[in-house]
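Read the structure below first, then the notes.
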Amino acid sequence: VMPRVNGHVRPLVLLPEVPEIDIPVGKACTRLHFLGQISVPTGFPLEGEDGGTVATYTIRYSGGMNQQVAVRNGREVVRGNLIHLGTRIEPVATEAAPALLFIKDWRREQYQVLLLSIPTENKKIVNLNLKLNGEQQPLAIFAITAELA
């Protein structure tokens, strides 16, 4: 699933002003893969509590079953920018793997993108609900892929 605006792919960004997004899926899969999982412009480890819930992802299956996944600081999400006030930092998420590194300016702008994979029940997923928890930093997701059995 890649969101499009005027024919151009855009990231999903959960904001305190727009904290919730519903995404139709309509197929069974064994895993959902989330590319992004970064907070912007700042975030953990410089802001937020270790293990604090940033967002909740709810997978809604046909038949009424729901699967909730807490997205936590330092586990499934960290800040995307690897530079803070001229100092290189290394925000590490223990449950999401580093996927991409983008360096616009070696001295000031280095960004990471993570990959989070969530096992599913291999039943038809009606939709996926992404909900930011309160006044968190914006959470960016660039793509979501359903892995078929």
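Is it fair to say ARG10 is open to solvent by 20 Å² or more (accessible area, probe 1.4 Å), touching a strand residue (DSSP E or B) at 6+ places or on another chain (Cβ under 8 Å), at pLDDT below 95 and basic (Lys, Arg)? Here the answer is yes, as ARG10 does meet what is asked. Taking the criterion of being aliphatic (A, V, I, L, M) and outside any strand (DSSP E or B), the residues of the stretch 44-96 that qualify are LEU46, MET65, LEU82, LEU85, ILE89, VAL92, ALA93, ALA96. Taking the criterion of being open to solvent by 100 Å² or more (accessible area, probe 1.4 Å) and acidic (Asp, Glu), the only residue of the stretch 94-122 that qualifies is GLU95.
Counting only residues that are of a type in the set (Phe, Trp, Tyr) and either free of Cβ contacts under 8 Å to residues at least 24 places away in the same chain or in a loop (DSSP other than H, G, I, E, B) (or both), the stretch 99-133 holds 2 of them. Within the stretch 40-98, which residues are more than 16 Å from ASN133 (Cβ to Cβ), free of Cβ contacts under 8 Å to residues at least 24 places away in the same chain and not polar (S, T, N, Q)? GLY64, LEU85, GLY86, ARG88, GLU90, VAL92, GLU95, ALA97, PRO98 - these are the residues of the stretch 40-98 that are more than 16 Å from ASN133 (Cβ to Cβ), free of Cβ contacts under 8 Å to residues at least 24 places away in the same chain and not polar (S, T, N, Q). Counting only residues that are in contact with a Leu (Cβ under 7 Å, 6 or more places away or on another chain), surrounded by fewer than 18 Cβ atoms within 10 Å (Cβ to Cβ) and of a type in the set (A, V, I, L, M), the stretch 16-48 holds 2 of them.
The values are calculated or read from the model by the stated rules, or taken from the named source; none is laboratory data. Note that the structure is predicted; figures quoted are calculated from it, not measured. Virtual Cβ from ideal backbone geometry, glycine too; neighbours counted across all protein chains shown. Ligands, DNA and RNA are stripped out before the accessible areas are found, and what is left, the full protein with its side chains, is counted by its heavy atoms. Shrake-Rupley method; radii C 1.70, N 1.55, O 1.52, S 1.80 Å.
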